[in-house]
Amino acid sequence: MPQLLSYTTAKDIPLRDQYFFFLNVGAVFPVVALLAVARGMAVDTIAPLIEHYLNPNDQVAHPTPLVTGKDLIKSLKLSPSSKIGELLTEIQIARIEGNIDSIKGALEFAAKLDSINCGSQDKNK
């Protein structure tokens with residue numbers, strides 16, 4: 001709630017932050033929105049978030065994955081690890097930001113991210 005109230009308007013909230021906000025509040029978003037208005041936030045200010053929430057096809061509030069962890073393991077020949085979840089999160093964020101829109105694009109994006117991360121990890125050893 002404090003995170004939400006710190007913005008002048010929901011349009012100021014980066015899509016990445018909106019994505020994590022909806023992941024954190026989930027189904028209680030209507031209550032959070034109501035409390036924000038009760039604490040003085042204008043309805044117009046929170047309206048973009050309400051629009052995301054009310055649209056069941058909205059990828060910010062209701063993400064559906066383009067690929068699964070199994071897809072990443074198979075395509076990138078990765079071992080099961082926390083890296084899979086991190087890649088899936090970054091794929092979803094890239095999707096909501098309009099940078100990818102297909103399975104092929106998601107796998108290419110993940111491969112690029114993985115190669116960048118592997119290179120930076122090698123330098124730190």
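For the stretch 17-96, carbon and sulfur atoms together expose 59% of the accessible surface, with a 1.4 angstrom probe and every protein chain in place. The residue 104 and residue 17 beta-carbon pair, evaluated with R₀ = 41 Å, returns a calculated FRET efficiency of approximately 0.90. Annotation: peptides 103-115, 85-97, ranked by per-residue average of other Cβ atoms within 10 Å with the highest first, follow the order 85-97, 103-115.
Largest first, the residues 34, 15, 23 sort by 1.4 Å accessible area into 34, 23, 15. The Kirkwood hydrodynamic radius of the stretch 10-54, based on inverse pair distances between different Cα atoms, is 10.6 Å. What distance in nm lies between label points placed 7 Å from Cα along the C-beta direction at residue 86 and residue 42? Using points 7 Å along Cα→Cβ, the separation is 4.1 nm.
The values are calculated or read from the model by the stated rules, or taken from the named source; none is laboratory data. All of these numbers come straight from a predicted model, not from anything done at the bench. Cβ coordinates were reconstructed from backbone atoms using ideal geometry, including for glycine residues, and neighbour counts include every protein chain displayed. Calculation scope for accessible area: heavy atoms of the full protein, side chains included, ligands and nucleic acids excluded. Shrake-Rupley method; radii C 1.70, N 1.55, O 1.52, S 1.80 Å.
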